[in-house]
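Engineer: The structure's right below; bear with me while I get my questions together.
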Protein chains: 2
Amino acid sequence: MRKYNVAVVGVGAVGCAMLRCLKQRNFPINKLSVFARSPRDIKVDLDTYHVEAISSENFEDIDIALFAGTEGEKGASALYARKFIEKGAVVVDNGSDFRLKEDVPLIIPEVNKDKISAHKGLIANPNCTTIQAVVALGGIYKNFGLEKVILTSLQATSGAGKEAEVSLWEETKEIVDKNKGVNYDQLDKRIDSGPIVFSHQIAFNVIPQIGSLQEENYTTEEWKVVREAHKIFGDSSIKITATCVRVPVFTSHSEAIYFRTQKKVTLSSLEEILKATPGVKYSPNHFPLPLDTEGKDEVFVGRLRKDPYEENSFWLWCVCDNLRKGAALNAVQIIENLIPHP
Amino acid sequence: MRKYNVAVVGVGAVGCAMLRCLKQRNFPINKLSVFARSPRDIKVDLDTYHVEAISSENFEDIDIALFAGTEGEKGASALYARKFIEKGAVVVDNGSDFRLKEDVPLIIPEVNKDKISAHKGLIANPNCTTIQAVVALGGIYKNFGLEKVILTSLQATSGAGKEAEVSLWEETKEIVDKNKGVNYDQLDKRIDSGPIVFSHQIAFNVIPQIGSLQEENYTTEEWKVVREAHKIFGDSSIKITATCVRVPVFTSHSEAIYFRTQKKVTLSSLEEILKATPGVKYSPNHFPLPLDTEGKDEVFVGRLRKDPYEENSFWLWCVCDNLRKGAALNAVQIIENLIPHP
């Protein structure tokens, strides 16, 4: 079996999750290169990786490059992806720079892997919030169509990168430390310093703005859900709308999704479809939680129920590790679909 | 000016907030009695209150009794409200036992204070999640009607009582303490003991079930939003549906509310209405946060925006101190409306 020279670019929360997924899934690697702005050694689980400084000299002989990207920030891919491609690599980019470009396939393998082959060297990985919604609704859309999707997300701090994840921890520690020996009724639940990464304190708070405000006063994150889902489904007639909220959770995004199908459908047929939807783990008698889904691969779905006042309208609750299926795992699944199956 | 003999029954999170509101608003009190299961002295802010054990002997001469109630638990009101009323008191009950009874007015003064006078000794205070939604939508309903309301709540732990609020703190402290000196990547973010109050760990987690599962797999909390809003608006034609989620926040519930008006309406007329809605503080260029609204009286509304794909359909984000306007303050406003205005 052929083995590939693979590069991972970026070693933040998503880059490290990519290294973990490549190893756990035994991707056939000949040589693994890890790039970031500055050289160093990093540890992921029990393995040490040597990180090289990224420069156009070391792009030779790479077959596949995974760019870890960062939500909301111009990623390394804008600077370097083209150079990798010119030297013959296929690039999968987790950043948002190229997702909506017409000649760049935007792929969730469970939903539209047939679009992978149209790539011209660059394939985009969707936003984490989009991925879990589209996987959860994938089978439903295919079988019954979707007229309307109204989504509220409760997003983990790690979606904004490693520093954001750590800042929840630092803020929490500061509040616990400053209240040593203080009676509960006298607690001071605010940090003294300003917030580290987010616009406001995230510990013991929720922040209803992810990214910056854009047209119609939707945030970048909310538009990503709408436009990326349209592109992945290949159907911009679905009326999708979202409110995206940051919550004090480290990993795994949760989404309360209300949807209306195009065709007439019963609750029990929806349940059958969810049980058979690729990438979904549906539990009728259980609701998934962020803490329980960290490190797992599936999009967990529960609390499916119908709107008693409206035809063909339902709620579901879905939770997914935003660093794995929401980012790294999806990218690795894309490259698994690029190579011949063993 | 006449002064009243007032009793507060229950000294948990809501009972203490009632004592605070009565004082802050200078309710004309002749004699204040505080009742709970067991006698003791309690401190609220700088004041000490003597708590008497509740028994039918000490109900004489009470003009007004405020029952603090507890969400989801059969309250003291089921046992004692009738006895207070028989001795001549008017009871305002924050519990859920009587809210949907036909002869019990369910009141939010800003919305339906005209219904107060129909009481037969008992007036019910709505659920916290309902109150802030109905206040936020009150002016909109009155001016443009409401066809549909789709609501996702992010609810603070104090909504489940003082013990629940403290349990978030205890869980958080346990996690910080057990990870002293541990590198961020090796953190163990789970409590060792079982959860104290909620069904699962609430620290660094969200739980999409508040109350127990009822018909259609809605929770008690979700049905409260639907049925109480119908009763308060006096209009059960509004198609309301909700998903209620507990989040690791101490005080103030947040709600992402999607709604469709009956009449044609523009974003700017909605803004005018929100600015003029009693009890609402609307900020066009600012989003309210739980941490910033604790201890305040208003229902804070922000992120009003239209659904680009649907006529007369909008989102708003509202945040409110669930112990004040969501409970204690609303009850005190009800009794302010019972007495002659100075």
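Where a number appears in this text, it was derived from the coordinates with a stated rule and is not lab data. Small disclaimer: the values here were computed from a predicted structure and weren't measured. Reconstructed Cβ throughout: ideal geometry from the backbone, glycine too, with neighbour counts over all protein chains shown.
Engineer: If we keep just the residues of the stretch A:265-311 that are in a loop (DSSP other than H, G, I, E, B) and facing chain B (nearest Cβ under 8 Å), which is nearest to A:THR129 (Cα to Cα)?
Structural biologist: So the residue we want is A:LEU289.
Engineer: With the requirement that a residue be surrounded by fewer than 16 Cβ atoms within 10 Å (Cβ to Cβ) and either touching a Pro at 6+ places or on another chain (Cβ under 7 Å) or among the hydroxyl-bearing types (Ser, Thr, Tyr) (or both), what does the stretch B:165-187 give you?
Structural biologist: Within the stretch B:165-187, B:TYR184 is the sole residue that qualifies.
Engineer: Tell me which residues, restricted to the stretch B:214-264, are crowded, with 19+ Cβ neighbours inside 10 Å and part of a loop (DSSP other than H, G, I, E, B).
Structural biologist: B:TYR218, B:ILE238, B:VAL247, B:PRO248, B:VAL249, B:PHE250, B:THR251, B:SER252
Engineer: Do any residues in the stretch A:188-214 that are within 22 Å of B:ILE175 (Cβ to Cβ) and within 13 Å of chain B (Cβ to nearest Cβ) have Cβ atoms under 8 Å from those of residues that are crowded, with 22+ Cβ neighbours inside 10 Å and of a type in the set (Lys, Arg), where the two are at least six apart or on different chains, and which pairs are they?
Structural biologist: Between residues of the stretch A:188-214 that are within 22 Å of B:ILE175 (Cβ to Cβ) and within 13 Å of chain B (Cβ to nearest Cβ) and residues that are crowded, with 22+ Cβ neighbours inside 10 Å and of a type in the set (Lys, Arg), the close pairs are A:PHE198/A:ARG246; A:ILE202/A:ARG246; A:VAL206/A:ARG246; A:ILE207/A:ARG246.
Engineer: Separate question: Just to be sure before I move on: is A:SER158 crowded, with 22+ Cβ neighbours inside 10 Å, of a type in the set (Gly, Ala, Ser), assigned to a loop (DSSP other than H, G, I, E, B) and in contact with a helix residue (DSSP H, G or I) (Cβ under 8 Å, 6 or more places away or on another chain) in the structure I sent?
Structural biologist: No: the conditions fail for A:SER158.
Engineer: Scan the stretch B:30-53 residue by residue and report those that are basic (Lys, Arg) and closer than 16 Å to B:ALA68 by Cα.
Structural biologist: Answer for the stretch B:30-53, where residues must be basic (Lys, Arg) and closer than 16 Å to B:ALA68 by Cα: just B:ARG37.
Engineer: A follow-up question, please. Hey, can you tell me all the residues within the stretch A:104-134 that are aliphatic (A, V, I, L, M), free of Cβ contacts under 8 Å to residues at least 24 places away in the same chain and assigned to a loop (DSSP other than H, G, I, E, B)?
Structural biologist: Result: A:VAL104, single match.
Engineer: Of the residues A:GLY95, A:GLY15, A:GLY69, only one is within 23 Å of the chain's Cα centre (by Cα), among the small types (Gly, Ala, Ser) and outside any loop (DSSP other than H, G, I, E, B); which?
Structural biologist: A:GLY15
Engineer: Among the residues of the stretch A:188-206, write down those that are surrounded by fewer than 17 Cβ atoms within 10 Å (Cβ to Cβ) and more than 20 Å from A:SER158 (Cα to Cα).
Structural biologist: Scanning the stretch A:188-206 gives A:ASP188, A:ARG190, A:ASP192, A:SER193.
Engineer: For A:LYS101, indicate whether it is over 15 Å from the mean Cα position of the chain (by Cα), assigned to a helix (DSSP H, G or I) and not acidic (Asp, Glu).
Structural biologist: So A:LYS101 fails the test.
Engineer: In addition: Identify the residue in the stretch A:146-185 that is closer than 23 Å to B:ALA242 by Cα and more than 21 Å from the chain's Cα centre (by Cα) and, among all such residues, is farthest from the other protein chains (Cβ to nearest Cβ).
Structural biologist: A:LEU146
Engineer: Let me ask something else. Any chance the stretch B:312-329 includes a residue that's in a loop (DSSP other than H, G, I, E, B) and surrounded by fewer than 24 Cβ atoms within 10 Å (Cβ to Cβ)?
Structural biologist: There is at least one residue in the stretch B:312-329 that is in a loop (DSSP other than H, G, I, E, B) and surrounded by fewer than 24 Cβ atoms within 10 Å (Cβ to Cβ).
Engineer: Given the options B:ASP63, B:ASP93, name the one that is free of Cβ contacts under 8 Å to residues at least 60 places away in the same chain, of a type in the set (D, E, K, R) and surrounded by 23 or more Cβ atoms within 10 Å (Cβ to Cβ).
Structural biologist: None of the others qualify; the one that does is B:ASP93.
Engineer: Consider B:LEU137 carefully, then state whether it is surrounded by fewer than 24 Cβ atoms within 10 Å (Cβ to Cβ), of a type in the set (A, V, I, L, M) and over 30 Å from A:TRP169 (Cα atoms).
Structural biologist: no
Engineer: Which of the residues belonging to the stretch A:7-32 are more than 19 Å from A:GLU165 (Cα to Cα), surrounded by 16 or more Cβ atoms within 10 Å (Cβ to Cβ) and touching a helix residue (DSSP H, G or I) at 6+ places or on another chain (Cβ under 7 Å)?
Structural biologist: A:VAL8, A:VAL9, A:CYS21, A:LEU22, A:PHE27
Engineer: Within the stretch A:232-269, can you find the residues that are under 17 Å from A:VAL111 (Cα atoms) and not polar (S, T, N, Q)?
Structural biologist: A:ILE232, A:PHE233, A:GLY234, A:ASP235, A:ILE238
Engineer: Identify the single condition in (1) over 23 Å from A:ASP297 (Cα atoms); (2) part of a strand (DSSP E or B); (3) free of Cβ contacts under 8 Å to residues at least 12 places away in the same chain that A:ASN30 does not satisfy, given that it satisfies every other one.
Structural biologist: Single failed check for A:ASN30: (3).
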